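The values are calculated or read from the model by the stated rules, or taken from the named source; none is laboratory data. The shown structure was predicted, so the numbers you read here are calculated from the model rather than taken from an experiment. Backbone-built Cβ (ideal geometry, glycine too); neighbour counts: all protein chains shown. The protein model used for the area step is the full one, side chains on, heavy atoms only, and it has no ligands, DNA or RNA in it. Shrake-Rupley method; radii C 1.70, N 1.55, O 1.52, S 1.80 Å.
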Amino acid sequence: QVQLVESGGGLVQPGGSLRLSCAASAIIFNNYCMSWHRQALGKERELVASPCSGGRTNYPDSVKGRFTMSRDNAKSTVYLQMNDLKPEDTAVYYCRGINGARAYWGQGTQVTVSS
């Protein structure tokens with residue numbers, strides 16, 4: 001079964017941290033490039049972490065130095081460690097597996113940064 005399941009979202013105060021997890025079915029984890037994206041209310045979905053171009057994980061300037069993507073091959077899981085969170089990081093966070101023209105998305109997990 002092909003699936004991606006995100007978890008770890010929640011409400012956090014500014015300056016706090018969260019670690020998101022995305023558990024993937026083995027067929028996706030082993031054959032697709034995994035990345036993290038987010039979509040704030042009323043905005044387009046944007047990339048926040050991706051190793052899919054050149055192998056090195058790329059981050060947009062808005063999260064660089066605060067977010068880190070990692071993976072646990074034994075658990076078929078990718079993570080997004082988010083530190084020093086800001087209100088503008090509030091969004092639904094999604095993981096994606098992509099292989100050429102085929103892509104799978106998880107259902108998303110809500111992250112709300114507010115005091």
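DSSP loop chymotrypsin sites (Phe, Trp or Tyr not before Pro) in region 51-115 with at most 16 other Cβ atoms within 10 Å of their Cβ, which ones?
Qualifying residues, ordered by number: none.
In the chain, carbon and sulfur make up what percent of the accessible area (probe 1.4 Å)?
Numbers: 2900 of 6280 Å².
Result for the chain: 46 percent of the exposed heavy-atom area is carbon or sulfur.
Rounded to 0.05, the FRET efficiency of the S25 and D72 pair, given R0 = 25 Å and the Cβ-Cβ distance, is 0.95. Between region 23-42 and region 69-99, the alpha-carbon centres lie 8 Å apart.
Taking only DSSP H segments of four or more residues, each worth -39500 (n - 2.57), what value at 222 nm results for the chain once the sum is divided by all its residues, to the nearest 500 deg cm²/dmol? After summing the helix terms and dividing by residue count, I get -1000 deg cm²/dmol. Summing Cβ point charges (Lys, Arg +1; Asp, Glu -1) relative to the Cα centre of the chain gives a dipole of roughly 220 debye. Given R0 = 35 Å, the distance between the Cβ atoms of C33 and Q13 translates into a calculated FRET efficiency of 0.60. The mean accessible area for residues of the chain, using a 1.4 Å probe and ignoring ligands and nucleic acids, is 55 Å² per residue. Here the extension length gained between T112 and Q81 equals 9.7 nm, from 0.36 nm per residue of separation less the Cα-Cα distance.
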